[in-house]
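Written below as structure tokens is the structure these notes are about.
The values are calculated or read from the model by the stated rules, or taken from the named source; none is laboratory data. Note that this is a predicted model, so its numbers are computed, not measured. Cβ: placed from backbone, ideal geometry, glycine included. Neighbour counts: every protein chain shown. Keep in mind that these areas ignore ligands, DNA and RNA; they rest on the heavy atoms of the full protein, side chains included. Shrake-Rupley method; radii C 1.70, N 1.55, O 1.52, S 1.80 Å.
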Amino acid sequence: MEWPVDKIRKEYPILNQRINGERLDYLDNAATMQQPVCVSDAVIKYYKTINSNVHRGIYTLSNEATNAYENARKKVSNFINAKSPNNIIFTKSTTESLNLVAEGFGDLIIKPDDEIVISIAEHHSNLIPWQQLAQRHSAHLKYIELKDDGTLDLDCARKIINSKTKIVAVGHVSNVLGTLNPISEIEQLAHKNNAYFVVDGAQAISHIKVDVQKINADFYAFSGHKMGAPTGIGVLYGKYSLLNQMNPVQFGGEMIGNVSRYQATWSKPPLKFEAGTPNISGAIGLGATIDFYNALDISKISHYENILLSRMLLRLRSIPNLTIYGPFDIEQKVGVISFNINGLHPHDVATALDLLGIEVRAGHHCAEPLMKTLGIDSTIRASISFYNNLEDINQLVDGIKRVKEFFKK
């Protein structure tokens, strides 16, 4: 497939700069993606032409801002195939979305000795909220372990998901291993046992087609900046019947229905969960991002990125004394490769690569239990997007070889 990567890269002027005198090779997309010009233009246009508060004014600017904000909600709904825009709550991040489910919904349903199931590969944002929920209610947190190849152990899942399980929460894609998790099988196990199914989609949303109805997720969370939208805007999808049951966790502003001296009622979802002035420009920027993705076609994005990831995996595997974590099967891997170089600390490698213009991430990647399971403290993580090209892959591999030689001397 001929992917117009050169044309796409023109939409990202940040990629044209030099870092430490070297060509910028941005490979930290799992942390945050770069933003195309059309997105920043949409945000600037909002501030220049219709800057005003939403839902609260009857004048022209407020009506236009409200329409733009709610139109962004419709775009998100269509992008993930929700039944209605009313299924979409704007938050500030995946983290806030998952905490909202744990507090607003989890606190309603979890009782002493109930069980919550997550995987050992979860990002802290999809671990700590459930850990804290279990502690608040004297419930039990259980983990789906990994197989040797870095994929989830479904036999383990079948053993621990049972009639005591009330919530199953897993990442769609691992932010460390890049593993594309078998969420269809896990969803069936959860719902077969009358448990609720929560998906952290932060690492999936920019790489693969997400269909929340096909997934049959009760809740699905992701962040705008993981796909090139502004920071500070996130999404929580929820089945409407469950959103109706949930308690709000923030109060005031537009989330109210009526207020008396001693009582209050709430608006219907989604406004029920959007207390105070929302991130209007962030939502509008997210809508513009989705327009950009729709023009490119997510299925074509996935195909191109698979080719790029295969090339990176092949070239990294050829480097002596380099250990790669996670599956080697490209059908089970999305966007991310984590690795270590024997005898070198990941922070030293990342610092040396930065001197060569290569931006990767080093650390535990907010997944300390996974690191302990792997028997390591940290890794180097290179993560791609559809604006990366073969030159980026070659620059990374050549850079690693230079770093190895430098430390050897």
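Data overview
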{"quantity": "Mean shadow area of region 101-219 over all directions, Cα convex hull, nm²", "calculated": "6.8 nm²"}
{"quantity": "Positive dipole terminus of region 212-317, leading residue within A229, G276, G257 (C-beta point charges)", "calculated": "A229"}
{"quantity": "Cα-centre dipole for the chain with unit charges at Cβ (Lys and Arg positive, Asp and Glu negative), debye to 20", "calculated": "460 debye"}
{"quantity": "Fluctuation leader among G357, G150, G276 - the chain, Gaussian network, Cα springs under 10 angstrom", "calculated": "G276"}
{"quantity": "With eigenvalues of the C-alpha gyration tensor scaled by 5 and rooted, region 270-409, Å", "calculated": "32, 20, 16"}
{"quantity": "Peptides ranked, highest mean first, by Cβ atoms within 10 Å: ranges 277-288, 78-89", "calculated": "277-288, 78-89"}
{"quantity": "About the Cα centre, charge dipole magnitude for region 85-147 (Lys/Arg +1, Asp/Glu -1 at Cβ), debye", "calculated": "100 debye"}
{"quantity": "Under 20 Å between alpha carbons - lysine pairs in region 81-218 that sit 8 or more apart or on different chains", "calculated": "15"}
{"quantity": "Stretch gain in nm, segment Q250-S84, where the contour uses 0.36 nm per residue and the Cα spacing is subtracted", "calculated": "57.4 nm"}
{"quantity": "Distance between modelled label sites at T277 and K45, nm, 7 Å Cα→Cβ extension", "calculated": "2.2 nm"}
{"quantity": "Rough spin-label spacing in nm, given labels placed 7 Å along Cα→Cβ, for Q213 and E331", "calculated": "2.8 nm"}
{"quantity": "DSSP beta bridge pairing in the chain, given as percent antiparallel to the nearest 5", "calculated": "55 percent"}
{"quantity": "Surface accessible to a 1.4 Å probe, H345 within the full protein complex, Å²", "calculated": "90 Å²"}
{"quantity": "Label-point separation in nm, E185 to E22, each point 7 Å along Cα→Cβ", "calculated": "4.0 nm"}
{"quantity": "Probe 1.4 Å, accessible area per residue of region 245-323, Å²", "calculated": "50 Å²"}
{"quantity": "Which label in [x] 1.41; [y] 1.01; [z] 1.09 gives the computed Cα Rg over 2.2 N^0.38 Å", "calculated": "[y]"}
{"quantity": "Highest-fluctuation residue, I324, I341, I109 considered, GNM on the chain with Cα pairs under 10 Å", "calculated": "I109"}
{"quantity": "Highest average packing first - 219-229, 362-372, 91-101, 290-300, Cβ atoms within 10 Å", "calculated": "219-229, 91-101, 362-372, 290-300"}
{"quantity": "FRET efficiency, 1/(1 + (r/R0)^6) with R0 41 Å, evaluated for N67 and D377 via beta carbons", "calculated": "0.25"}
{"quantity": "Rounded if a/c under 1.5, otherwise prolate or oblate - region 234-336, Cα gyration tensor axes", "calculated": "prolate"}
{"quantity": "Peptides 4-17, 169-182 ordered by average Cβ neighbours within 10 Å, highest first", "calculated": "169-182, 4-17"}
{"quantity": "Cut-off under 5 Å, modelled amide H: who pairs with I233 long-range", "calculated": "G224, H225"}
